[in-house]
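Please read the structure below before turning to the comments.
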Amino acid sequence: MLAGRARLLLELEDERLAEVVFAAVVPEVESSPSDRATVRFMREGSRVIVEVDAEDGSALRASLSSVMRWVKLARELGG
């Protein structure tokens, strides 16, 4: 049963930075085990898109927090 859904569109400074962030974060998203949430991570030009479907609010918040921490770290290191 789906209880929460979020879609974030992150506009980065340029396509190079978006590719750096995408390349750094996608392995984390793909290896993050969760029975309660599904995360999709995509890139379109200079945009990074995060979509989360979760069974409950806690799983939604935890997934979003994790992804945003990974994005922040990748931006700091790649920018």
Quiz item: Restricting the search to the range 20-49, which residues are buried (at least 17 other Cβ atoms within 10 Å of the Cβ) and closer than 17 Å to A3 by Cα?
Solution: A37, V39
Quiz item: From the residues in the range 55-70 that are closer than 11 Å to R36 by Cα and of a type in the set (D, E, K, R), which one is surrounded by the fewest Cβ atoms within 10 Å (Cβ to Cβ)?
Solution: D56
Practice problem: Among the residues of the range 39-60, write down those that are within 26 Å of L17 (Cβ to Cβ) and not hydrophobic (A, V, I, L, M, F, W, C). | Solution: R40, R43, E44, G45, S46, R47, E51
Quiz item: Which residue, of L77, L9, L73, L17, is surrounded by 15 or more Cβ atoms within 10 Å (Cβ to Cβ) and not charged (D, E, K, R)?
Solution: L17
Practice problem: Among residues belonging to the range 1-14 that are at pLDDT 95 or above and not hydrophobic (A, V, I, L, M, F, W, C), point out the one that is farthest from F41 (Cα to Cα). | Solution: E11
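The values are calculated or read from the model by the stated rules, or taken from the named source; none is laboratory data. Just so you know, these numbers come straight off a predicted model, no measurement behind them. A quick note on method: Cβ atoms are made from the backbone with ideal geometry, for glycine too, and the neighbour counts reach across all protein chains shown.
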